[in-house]
Each structure stands twice: as structure tokens, then as C-alpha cells.
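Enquirer: Quick one: the structure is below, and I'll ask about it shortly.
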Amino acid sequence: NRLRQLAVEQARLTHNHPLSDAACVTVGRMVQQAILGVDRFALHALTRELVRDYPTFTFNNYRGQATAYVVDTLQTVFHYLFTTADFEECLVGVVNQGGDADTTGAIAGMIAGAFYGVDAIPRRWLKRLQAPVRAEIEDLAVRLVRLSPCRYSGE
């Protein structure tokens with residue numbers, strides 16, 4: 001489908017490997033489904049599909065490794081996404097795990113942000129953004145949604 005194609009094309013700009021392809025497709029599907037309002041169980045089902053096809057991604061016994069390796073990255077993101085109660089707890093946990101914190105934080109932020117919604121972002125975090133930066137982020141978010149080929153089709 002279109003989401004898969006776009007995710008793989010995007011992934012291969014920097015990472016040409018089946019594990020990276022699978023990770024990007026799964027994250028894309030999770031963000032899409034979260035935006036559409038699915039529950040946590042439905043998001044977890046997407047991770048089970050990934051683990052079924054690529055068992056190396058299993059995260060049931062999280063080892064606490066947040067390296068730049070795609071498997072460690074997603075294990076970290078999934079662990080915190082499914083063991084925390086809200087956006088802030090998820091993000092703080094992920095980045096405080098250390099390692100490749102900018103990557104794990106960005107991915108966790110995408111999924112958790114789509115799942116919990118913009119109102120879940122702590123106001124004190126938003127207040128620290130300079131007004132032009134915040135406006136640019138908000139404008140970019142709206143433009144990205146408008147450009148999305150998957151926004152209506154459920155692909």
C-alpha cells in the first residue's frame with residue numbers, strides 16, 4: 001500500500017536494510033492508526049505483527065539498551081509506550097534511558113503524540129518554545145496532515 005511504499009522510500013534515504021524498512025512501516029502505521037483514534041491494544045497489535053515477522057524486535061523482556069541500532073531503538077520506544085500512562089511519562093522515560101535519546105525521543109514523540117493528542121503535551125514544555133518556533137511547528141504539522149496521501153483512505 002501507499003503508506004508502506006512511502007515509509008520504505010523515506011527509510012532508504014539513510015538506512016537500506018529490511019529491519020529498518022519494517023521499523024519505519026510499523027512506526028508509520030502506528031502513527032496513522034493512533035491519529036485515527038485506535039486504542040492501546042490496537043497499537044500493540046501492530047507491534048506483535050512486527051515481532052511475528054521479525055522476532056528480533058521482541059520487547060517483552062526489555063534489556064534497557066537504547067543504542068542507535070534500529071532494534072534497540074524500537075524496543076526502547078515500545079517498552080515506554082506500553083508501560084507508561086501518559087505522553088510526558090513516556091517521553092521522559094525514553095529520553096532518560098540515554099543512548100540514542102534524540103532518535104528514541106523523536107520516534108516515541110511521534111507515536112505518543114498521535115495517540116495522546118496535542119493537549120497531552122505539558123504546557124510547561126510548550127511555554128519554553130520561542131513563539132516563532134512554536135508557530136512554525138504548528139504550521140508544519142497542519143501542512144503535513146494536508147499533504148498526507150493516507151489521511152482519508154485508511155491505507
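Enquirer: Given the criterion small (Gly, Ala, Ser), part of a helix (DSSP H, G or I), buried (at least 17 other Cβ atoms within 10 Å of the Cβ) and in contact (Cβ under 8 Å) with a residue 60 or more places away in the chain, identify the matching residue among 114, 108. Steps first, answer last, please.
Expert: On the way: 108 fails: in contact (Cβ under 8 Å) with a residue 60 or more places away in the chain.
Exactly one of 114, 108 is small (Gly, Ala, Ser), part of a helix (DSSP H, G or I), buried (at least 17 other Cβ atoms within 10 Å of the Cβ) and in contact (Cβ under 8 Å) with a residue 60 or more places away in the chain, namely 114.
Enquirer: I'm checking my understanding of the structure. Among residues of segment 117-137 that are part of a helix (DSSP H, G or I) and of a type in the set (Val, Ile, Thr), which one is nearest to the chain's Cα centre (by Cα)? First the steps, then the outcome.
Expert: Step one: of segment 117-137, the residues part of a helix (DSSP H, G or I) are 118-120, 123-127, 131-137.
Those still in the list that are of a type in the set (Val, Ile, Thr) too: 118, 133, 137.
Values: 118: 14, 133: 22, 137: 17 Å.
The residue in question is 118.
Enquirer: Is there any pair linking a residue in segment 26-37 that is closer than 18 Å to residue 147 by Cα and in contact (Cβ under 8 Å) with a residue 12 or more places away in the chain to one that is in a helix (DSSP H, G or I) and of a type in the set (Asp, Glu), with Cβ under 9 Å and at least six apart or on different chains, and which?
Expert: That search, which allows pairs on different chains as well, returns 29/49.
Enquirer: Give the residue, chosen from 72, 53, 21, that is touching a residue at least 24 places away in the same chain (Cβ under 8 Å), among the charged types (D, E, K, R) and either closer than 28 Å to residue 123 by Cα or surrounded by 13 or more Cβ atoms within 10 Å (Cβ to Cβ) (or both).
Expert: Values: 53 fails: either closer than 28 Å to residue 123 by Cα or surrounded by 13 or more Cβ atoms within 10 Å (Cβ to Cβ) (or both); 21 fails: touching a residue at least 24 places away in the same chain (Cβ under 8 Å).
Being touching a residue at least 24 places away in the same chain (Cβ under 8 Å), among the charged types (D, E, K, R) and either closer than 28 Å to residue 123 by Cα or surrounded by 13 or more Cβ atoms within 10 Å (Cβ to Cβ) (or both) holds for just one of 72, 53, 21, which is 72.
Enquirer: Scan 104, 67 and give me the residue that is of a type outside the set (A, V, I, L, M, F, W, C), under 19 Å from residue 24 (Cβ atoms) and within 14 Å of the chain's Cα centre (by Cα). Reasoning before the result, please.
Expert: Working: 67 fails: within 14 Å of the chain's Cα centre (by Cα).
None of the other options fit; the residue is 104.
Enquirer: Still on this structure: Filter segment 6-18 down to the residues that are of a type in the set (A, V, I, L, M) and free of Cβ contacts under 8 Å to residues at least 40 places away in the same chain, then identify the one that is surrounded by the fewest Cβ atoms within 10 Å (Cβ to Cβ).
Expert: First pass over segment 6-18, keeping only residues of a type in the set (A, V, I, L, M): 6-8, 11, 13.
Next, only the ones that are free of Cβ contacts under 8 Å to residues at least 40 places away in the same chain stay: 7-8, 11, 13.
On the way: 7: 23, 8: 17, 11: 21, 13: 7.
Among residues in segment 6-18 that are of a type in the set (A, V, I, L, M) and free of Cβ contacts under 8 Å to residues at least 40 places away in the same chain, the one surrounded by the fewest Cβ atoms within 10 Å (Cβ to Cβ) is 13.
Enquirer: If you don't mind, another one. Only one of (1) out of contact with any Gly (no Cβ under 9 Å at 6 or more places or on another chain); (2) buried (at least 19 other Cβ atoms within 10 Å of the Cβ) fails for residue 80. Which number is that?
Expert: Going through (1) out of contact with any Gly (no Cβ under 9 Å at 6 or more places or on another chain); (2) buried (at least 19 other Cβ atoms within 10 Å of the Cβ) one by one, residue 80 breaks only (1).
Every number in this text was worked out from the coordinates using simple rules, so none of it is lab data. All figures in this text were calculated on a predicted structure; none of them were measured in a lab. Neighbour counts are summed over all protein chains in view; Cβ atoms, including those assigned to glycine, are modelled from backbone coordinates with ideal geometry.
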